[in-house]
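This report refers to the structure that appears directly beneath it.
Coordinate-derived values only; no laboratory data. What you see is a predicted model, and the numbers here were worked out from it, not measured in a lab. A quick note on method: Cβ atoms are made from the backbone with ideal geometry, for glycine too, and the neighbour counts reach across all protein chains shown.
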Amino acid sequence: MTNGMEILLIEDNPEDVEITLRAFRKYHLSGKVQVVRDGEEALECLFSTGRYAEPSVCSNVRLILLDIKLPKMDGIEILQQCKSDQRTKNIPVVVLTSSREENDLTNCYKFGVNSYVVKSIDSSRYTDAVQQLGLYWLGLNQLPSEIHSARGRAGSLQCEHVNDGE
């Protein structure tokens with residue numbers, strides 16, 4: 001197992017958090033998932049500041065799952081900051097959102113999102129989508145060597161829920 005967390009789930013809806021975590025556990029897709037519930041906490045985690053200033057559980061992020069409708073700071077602003085910083089620009093970011101607004105979709109791609117997925121209201125379809133995302137981004141997707149060597153590979157790992165932000 002790699003050290004630290006592999007997935008940063010930025011989501012404020014407790015039901016969506018639970019469905020996502022359940023899918024990762026069911027399909028053995030990730031060793032560790034850090035859940036943050038607002039934009040401010042997400043940036044602290046990504047950039048090791050504030051409550052994450054100590055050696056951070058967020059230093060091993062291999063995938064960011066990002067809702068765009070968040071308290072304190074929206075996901076598009078988080079995406080923009082993440083993709084414009086050398087430390088985080090190569091981490092794949094997948095937007096998981098209920099928004100079908102063309103403006104949100106356009107802005108996400110403008111700021112470098114790797115994928116934009118609209119959440120299904122059907123929980124089994126949502127679980128299937130999370131499974132497919134995990135299989136692709138943690139299993140099939142190839143990372144640049146500097147990320148690969150620093151972060152390791154996930155392999156077949158059990159999901160360990162690091163923190164639910166409560």
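Observations
- Multiplying the residue separation of residue 100 and residue 118 by 0.36 nm and subtracting their alpha-carbon distance yields 5.8 nm.
- Rg followed by Dmax, in Å, when the stretch 62-104 is reduced to its Cα trace: 10.5, 30
- Ordered by the count of other Cβ atoms within 10 Å of each Cβ, fewest first, 17, 33 give 17, 33.
- Extension gain for residue 141-residue 87 works out to 17.5 nm (0.36 nm per residue, less the C-alpha to C-alpha distance).
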